[in-house]
Amino acid sequence: MAKFYPELTESLQEFIQAQHIFFTATAPIQGRINLSPKGMNSFRCLDAHTVAYLDLTGSGNEASAHLIENGRMTIMFCSFAEKPMILRLYGTGCVIRPRDHDWQDFYSLFEPIPGARQVVKVSVEAVQTSCGFGVPLYEHLGDRETLVDWAEKKGEAGIQQYWHDKNQVSIDGLPTHILS
């Protein structure tokens, strides 16, 4: 039932735009695999071969470290509504930080969210759909405000300190270059 596509078709891009949650997966050459849920209207399809998401401050910064090391990333969307489908994007990613020359070009694609840490851009090499028949039905009730409230309370200086304390290396000790 799985089907591969060489690019993101218009209908697949529309499917992505309708989803409220997506999952990112990265892995170092040696070490722990990272799988993270994302949301908050932070994903954009840039064209049939390129996507990006606004990465918010979190407890770790695994994807950044893994992308620096080897670039591999998988992004998954799944429908929790009536029409089932799972969509996976396989590609190579890179991290764009506020200090990078193309930051403003990418950051301007998103509504500002307190605690924005970096943009992850992915060159999509393969697209796969599968049935999703086993995915349960869920109703989207809205975004949580907890992360935004936390970032607003921390303020810019507090966020920078948090990055310094918690986001400079992965749990396996790989550098993220968040501050350098």
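The values are calculated or read from the model by the stated rules, or taken from the named source; none is laboratory data. Predicted model, so just to flag it, every value in this text is computed and none were measured. Cβ placement follows ideal geometry from the backbone for every residue including glycine, while neighbour counts extend to all protein chains displayed. The area values use the complete protein model at the heavy-atom level, side chains included, leaving out ligands, DNA and RNA. Shrake-Rupley method; radii C 1.70, N 1.55, O 1.52, S 1.80 Å.
Of the residues making up segment 41-55, those that are charged (D, E, K, R) and buried (at least 22 other Cβ atoms within 10 Å of the Cβ) number 1. Of all residues in segment 31-65, those satisfying the criterion of being in contact (Cβ under 8 Å) with a residue 12 or more places away in the chain and among the aliphatic types (A, V, I, L, M) are L35, M40, L46, A48, V51, A52, L54, L56, A63, A65. For segment 121-139, the tally of residues that are assigned to a strand (DSSP E or B) and open to solvent by 30 Å² or more (accessible area, probe 1.4 Å) stands at 3.
Of the residues Q118, Q168, the single one that is open to solvent by 30 Å² or more (accessible area, probe 1.4 Å) and either touching an Asp or Glu at 6+ places or on another chain (Cβ under 9 Å) or not charged (D, E, K, R) (or both) is Q168. Among the residues that make up segment 154-166, is at least one of them touching a residue at least 60 places away in the same chain (Cβ under 8 Å), more than 16 Å from the chain's Cα centre (by Cα) and farther than 24 Å from G71 by Cβ? Yes - at least one qualifying residue is present in segment 154-166.
Condition check for A2 on (1) at pLDDT 95 or above; (2) on the phi < 0 side of the Ramachandran plot: one failure, at (1).
Tell me the residue from L8, L35 that is buried (at least 18 other Cβ atoms within 10 Å of the Cβ) and either more than 27 Å from R117 (Cβ to Cβ) or not β-branched (V, I, T) (or both), please.
L8
Filter segment 13-37 down to the residues that are under 17 Å from V135 (Cβ atoms) and outside any loop (DSSP other than H, G, I, E, B) and list them by number. It would help to see each step written out before you state the result.
Looking only at segment 13-37, we keep the residues that are under 17 Å from V135 (Cβ atoms), and these are 15-16, 18-23, 25, 35, 37.
Answer for segment 13-37, where residues must be under 17 Å from V135 (Cβ atoms) and outside any loop (DSSP other than H, G, I, E, B): F15, I16, A18, F22, F23, A25, L35, P37.
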